[in-house]
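Q: Would you mind keeping the following structure in view while I ask a few things?
The values are calculated or read from the model by the stated rules, or taken from the named source; none is laboratory data. For clarity, every value in this text was computed on a predicted model and none was experimentally measured. Please note: Cβ atoms are built from the backbone with ideal geometry, for glycine as well, and neighbour counts cover all protein chains shown.
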Amino acid sequence: MKPPSEAGLPLVFVHGMRVSGTTWHPVIHAIGTRHPAVAPDLPGHGSRRGEPFTLPGAVAAVADAIDEVGGRAMLIGLSLGGYVATATAARHPERVSGLMAMGCTAVPRGVLRTAYRGAARLGGRHPEAANRLSAYAFRRALPAPLAEAMVAGGLSSELMPSIIETVCGMDPVSLLSAYPGPVWLVNGARDQLRRDERRFLAACRDGRLVVRPGCGHLSVLSDTAAVTRQILDAATVVAARTDAPTTAAGTAHEGAAR
């Protein structure tokens, strides 16, 4: 283990809906000792199952994790975790050195909002059945190590209604505009939650968009080595720019991020 003076940029990973921090264990294992890294459980998930989920509680959990790794960190979040990481960056910009938000560039509205609310109600009424279906879907869609990491901390489908209402009540575009640091918006090309990615990018003061070809919402994580490289590359940029003013917004695609 490197001494604190030689440690890399601290990283905090934020998981998605109904899973837990174990989702990120394959990536954290691949990063190894190059960066201090933690993946907290959000309220109601994993080790905190049974607690109610609220956005302020989720932001507090991420802020506590930032404190655990030294008081300032880059945030990496997927899906719900991306929305929570964005809210944390807006609330605590001085403690967030960079943000990578994956699979979360949509403002739920219209048919999409109705569909998510309907699925969430079913999950909330029949959480054990929804947990089994989710585990089956993860194992069908993802490589075995990643699928097992996603289910290892337990699943919490009973939270789906409150989480969907929370996300539907957010204004992530305004939250992004409130954060001055470097932002990476990462989407799978087949992810329906990329529908507003251009609006999200335009809101960033220092943003770039990365689209991973052939990937969907969750399969954007399928290639652990590629995801790890992307995070390490972003961390290098953040570490180099931590004390520099950042105002320009830009666009990048897989293999050409700037």
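Q: Given the criterion farther than 22 Å from Leu42 by Cα and either touching a residue at least 12 places away in the same chain (Cβ under 8 Å) or surrounded by 18 or more Cβ atoms within 10 Å (Cβ to Cβ) (or both), identify the matching residue among Ser177, Ser157. Let's see the steps before the verdict.
A: On the way: Ser157 fails: farther than 22 Å from Leu42 by Cα.
Result of the check over Ser177, Ser157: Ser177.
Q: Within the group Arg91, Arg72, Arg49, which residue is among the basic types (Lys, Arg) and either in contact with a strand residue (DSSP E or B) (Cβ under 7 Å, 6 or more places away or on another chain) or under 22 Å from Pro145 (Cβ atoms) (or both)?
A: Details: Arg91 fails: either in contact with a strand residue (DSSP E or B) (Cβ under 7 Å, 6 or more places away or on another chain) or under 22 Å from Pro145 (Cβ atoms) (or both); Arg49 fails: either in contact with a strand residue (DSSP E or B) (Cβ under 7 Å, 6 or more places away or on another chain) or under 22 Å from Pro145 (Cβ atoms) (or both).
One residue alone meets the criteria, Arg72.
Q: Next up: Quickly run through the stretch 120-154 and pick out the residues that are without any contact (Cβ under 8 Å) to a residue 60 or more places away in the chain, of a type in the set (Gly, Ala, Ser) and more than 19 Å from His45 (Cβ to Cβ).
A: Matches in the stretch 120-154: Ala144 only.
Q: Quick one: what pairs do we get from the stretch 195-206, first residue more than 8 Å from Val173 (Cβ to Cβ), second surrounded by fewer than 19 Cβ atoms within 10 Å (Cβ to Cβ) and among the polar types (S, T, N, Q), C-beta under 7 Å, 6+ apart or different chains?
A: Taking only residues 6 or more apart or on different chains, the pairs are Leu201/Thr251; Arg205/Thr246; Arg205/Thr247; Asp206/Thr246; Asp206/Thr247.
Q: Give Ala135, Ala120, Ala90 a once-over and let me know the one that is at pLDDT 95 or above, crowded, with 19+ Cβ neighbours inside 10 Å and touching a helix residue (DSSP H, G or I) at 6+ places or on another chain (Cβ under 8 Å). I'd like the intermediate steps shown before the answer.
A: Numbers: Ala135 fails: crowded, with 19+ Cβ neighbours inside 10 Å; Ala120 fails: at pLDDT 95 or above.
After applying the criteria, what remains is Ala90.
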